[in-house]
Amino acid sequence: MSEKAIFSVQWFNSVIQKINLLEENWMNNIVVFNQSILMNEQEVLQLLQISSTTLRRYCNKKYFKVYKIGKRNHYLQHDIIRGVLTHLVK
């Protein structure tokens, strides 16, 4: 059974803004390691507008890499954006 994700225009615009910011930082050779780049699970769920079960399924399919810090899962923002663009938007 194929999955069809429906995302709003506002959601796509926010993803595009984040991609543009990442590209701008990369082009300016700025390496940013702070809270805005490392996202906790709740932030990812809110960004993608999905359930925790769906997020786990995507992680099991290797769409996103999970970083365990203590007992909590964290994700890199650029990994989430790359996963969305390569696996979910076709």
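Check the range 53-65 and report whether any residue there is in contact with a Leu (Cβ under 8 Å, 6 or more places away or on another chain), closer than 16 Å to Thr86 by Cβ, modelled with pLDDT of 70 or more and open to solvent by 80 Å² or more (accessible area, probe 1.4 Å).
Looking for residues that are in contact with a Leu (Cβ under 8 Å, 6 or more places away or on another chain), closer than 16 Å to Thr86 by Cβ, modelled with pLDDT of 70 or more and open to solvent by 80 Å² or more (accessible area, probe 1.4 Å), one finds at least one in the range 53-65, hence yes.
Can you tell me which residue within the range 10-46, out of those that are assigned to a loop (DSSP other than H, G, I, E, B) and within 21 Å of Lys65 (Cα to Cα), is modelled with the highest pLDDT?
Ile37
The values are calculated or read from the model by the stated rules, or taken from the named source; none is laboratory data. The structure presented is a predicted model; accordingly, all values stated were derived computationally and were not measured. FYI the Cβ positions are ideal-geometry reconstructions off the backbone, even for glycines, and counts take in every protein chain you see. We work out accessible area using only protein heavy atoms, side chains counted, and drop any ligands, DNA or RNA first. Shrake-Rupley method; radii C 1.70, N 1.55, O 1.52, S 1.80 Å.
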